[in-house]
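Asker: Below is one structure. I have some questions about it.
The values are calculated or read from the model by the stated rules, or taken from the named source; none is laboratory data. Everything numeric in this text was worked out from a predicted model, so none of it was measured. Note that we place each Cβ from the backbone using ideal geometry, even for glycine, and neighbour counts take in every protein chain shown. For the accessible areas, the whole protein counts, side chains as well, though only heavy atoms, and no ligand, DNA or RNA atoms are used. Shrake-Rupley method; radii C 1.70, N 1.55, O 1.52, S 1.80 Å.
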Amino acid sequence: MPLPTPHAAFPGAVWPAIPPTPAAALLAVLGQLAESQCMEADELAMARRPQLEALMAHAAGQLPFWRKRLEAAGFEVEAGKNAGLSLAEWNARWASLPVLTRAEVQSLEAQLRVAKLPDGHGVVGESVTSGSSGRPVRIARSTLDYFYWQAFQLREHVWRGRDVAGTFLTISRDESRKVIDESVHLRSMADWGPPASVVWATGKSFLLDYRAPVRRLVETICEVRPDYLCTFPSLLLEILRHARGEGIELPPLKEAIGVGEASPPELAGLCREVWGAPLCSTYTAAETGAMAYQCREGGRWHVQAEKSFIEVIDAEGRACGPGQTGRVIVTPLHNFAMPLLRYEIGDLATVGEGPCVCGRTLPVLEAIPGRARDLLMLPSGELRPPYYGHNAVMQVRSIRQHQVIQTARDRVCLRLVVVQPLTGEEEAHVLKSAGDALGAGFVVEIEYVEEIVRGAGGKFAEFERRC
Ligand SMILES: [Zn+2]
């Protein structure tokens, strides 16, 4: 699919177009990414080093926490002072920098946020993880980081050869929805939204709130007739099973896009069988944005190495080789609002052997194991993604961790680890928040527990269905 011509800034400059400023900036980065995706490993590492050094100098200059850590690892903390180090020397110092854990980010949050951003980095916003570790991680992010996030989203469209004139349907949570019942909540938009619509004239897009029975979601898909559908793999699996079970012929789809969790192994095959469409997944996190894209040609994962420095390490902290599975350590390169150097994101990945059949030489991950989440069963017996008012529940500061267990079709138990007993008011807040979010027909109860055991892969299963 050839790329469409970008928007033109003024008449008479339509081909080749002179795009308006925001589109021009995105396209300028995209052009550089087209070059860097074919760099050899050492070339890429050297190209990335000045960016990493700028981040390190900024972190050390603003935050004593990072100054101490970087100096202890043997780095000069002023920009450019490490330029004389060979790649091997530099890598050895980098590897001695301790891994930053999620618990550290939670407890040291204020010490990790900078007071002042460099010129041009914009203002500070916030990303909050969904809380797969029980308590969410709050990450300060700059406007500039968001800009890079957009540039990499454009790259994803380009890599996957998407026809931006098509219709894009996202099934996710629509925060604008007020009443949770079994009705369908569908929002229609004139274009795909940023970044695609900033650069190109795109087709329409829709946001379908997932809080509806799967049967109703499938009906809506048949009405919308999307070319692209983006949702959680666990929900996509239910949609496909429902369509197959009921003999529903789904409208033609160009591509299904899985985000937010690992894909069940049977999903890609079922997607081909039922929908005749390929499944492409994106490995992303609230802390970092996109970290790897599944290759359309090769099926494995390409690390977005120009956006984040990603390492996979074994139990002893050594870099894993091809075929080995280890912990994912990530250093986002452009977020100067809260520099995270060697942050352990809590996922496992299996290192792949390069290069990929597509010709891109970016590092390859063979697999990103993880468990797809359970779905909530409604009292009617239908399934939908679990939503129980996570953020409202976690507003109660005494709650250190939580886990939600569906014990029966009409019964949900909130298991809480608390640092001090909840007041009557706090208990009522938790029960009401969860009850409102789950919708009618559920009895919600609280159980206090000493600890919540991590599942395979080191993550907490935030929601489990045991019925
Ligand atoms: Zn590839």
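Asker: When both residues are 6+ apart or on different chains and their Cβ atoms are under 7 Å apart, which pairs have a first residue that lies in segment 285-300 and is closer than 18 Å to His157 by Cβ, and a second that is polar (S, T, N, Q) and in a loop (DSSP other than H, G, I, E, B)?
Answerer: Within 7 Å, the pairs are Ala290/Gln304; Met291/Gln304; Ala292/Gln304; Tyr293/Gln304.
One line per residue, one yes/no per condition, for (1) under 30 Å from Gly298 (Cα atoms); (2) open to solvent by 60 Å² or more (accessible area, probe 1.4 Å); (3) touching a Phe, Trp or Tyr at 6+ places or on another chain (Cβ under 9 Å); (4) modelled with pLDDT of 95 or more:
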| site | (1), (2), (3), (4) |
| --- | --- |
| Arg162 | yes, no, yes, yes |
| Ala165 | yes, yes, yes, yes |
| Ile171 | yes, no, yes, yes |
| Arg177 | no, no, no, no |
| Ile180 | no, no, yes, no |
| Ser183 | no, no, no, no |
| Met189 | no, yes, yes, yes |
| Trp192 | yes, no, yes, yes |
| Val199 | yes, no, no, yes |
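Asker: Can you pull out the residues in segment 390-410 that are under 22 Å from Glu238 (Cβ atoms) and either charged (D, E, K, R) or in the same structural domain as Glu261 (by TED's automatic domain parsing) (or both)?
Answerer: Within segment 390-410, Arg409, Asp410 meet the criteria.
Asker: Having 1 or more residues that are more than 22 Å from Met56 (Cβ to Cβ) is the bar; report the helices (runs of 4 or more DSSP H) wholly within segment 84-202 that clear it.
Answerer: Numbers: elements: 87-96, 102-107, 109-112, 143-159, 196-199.
Hits in segment 84-202: 102-107, 143-159, 196-199.
Asker: If you go through segment 350-383 one residue at a time, how many are small (Gly, Ala, Ser) and within 16 Å of the ligand (Cβ to nearest atom)? Let's see the steps before the verdict.
Answerer: Our first condition is that a residue be small (Gly, Ala, Ser); within segment 350-383, this holds for 352, 354, 359, 367, 370, 372, 380-381.
If we keep only those that are within 16 Å of the ligand (Cβ to nearest atom) as well, we get 352, 354, 359, 367.
Total meeting the criteria: 4.
Asker: Kindly provide the set of residues from segment 334-354 that are over 19 Å from Thr282 (Cα atoms) and modelled with pLDDT of 95 or more, ordered by number.
Answerer: His334, Asn335, Phe336, Ala337, Met338, Pro339, Leu340, Leu341, Arg342, Tyr343
Asker: Sticking with this structure for a sec: Tell me which residues, restricted to segment 296-341, are away from the ligand (no atom under 16 Å from the Cβ), open to solvent by 20 Å² or more (accessible area, probe 1.4 Å) and among the charged types (D, E, K, R).
Answerer: Across segment 296-341, the qualifying residues are Glu311, Asp314, Glu316, Arg318, Arg327.
Asker: Another one. I need every pair where a residue in segment 90-114 that is within 16 Å of Val328 (Cβ to Cβ) has its Cβ under 6 Å from the Cβ of a residue that is of a type in the set (S, T, N, Q) and modelled with pLDDT under 90, sequence separation at least 6 or different chains.
Answerer: Within 6 Å, the pairs are Arg102/Ser133.
Asker: Would you confirm whether or not segment 278-291 contains a residue that is under 21 Å from Gln32 (Cβ atoms), among the aliphatic types (A, V, I, L, M) and within 16 Å of the ligand (Cβ to nearest atom)?
Answerer: Looking for residues that are under 21 Å from Gln32 (Cβ atoms), among the aliphatic types (A, V, I, L, M) and within 16 Å of the ligand (Cβ to nearest atom), one finds at least one in segment 278-291, hence yes.
Asker: Identify, from the list Glu462, Glu425, the residue that is modelled with pLDDT of 85 or more and over 21 Å from Asp181 (Cβ atoms). So that I can check it myself, show each step before the final result.
Answerer: Numbers: Glu462 fails: modelled with pLDDT of 85 or more.
The match here is Glu425.
Asker: With respect to Arg225, determine if the residue is out of contact with any Asp or Glu (no Cβ under 7 Å at 6 or more places or on another chain) and either of a type outside the set (Ser, Thr, Tyr) or surrounded by 22 or more Cβ atoms within 10 Å (Cβ to Cβ) (or both). Talk me through it step by step, then tell me what you get.
Answerer: Details: out of contact with any Asp or Glu (no Cβ under 7 Å at 6 or more places or on another chain): yes; either of a type outside the set (Ser, Thr, Tyr) or surrounded by 22 or more Cβ atoms within 10 Å (Cβ to Cβ) (or both): yes.
So Arg225 fits the description; yes.
Asker: Same structure again: So for segment 437-444 (the condition being touching a helix residue (DSSP H, G or I) at 6+ places or on another chain (Cβ under 8 Å) and closer than 21 Å to Ser183 by Cβ), does at least one residue qualify? Steps first, please.
Answerer: Kept after step one, since they are touching a helix residue (DSSP H, G or I) at 6+ places or on another chain (Cβ under 8 Å), are these residues of segment 437-444: 437, 442, 444.
Checking which are closer than 21 Å to Ser183 by Cβ leaves us with 437, 442.
Yes - at least one qualifying residue is present in segment 437-444.
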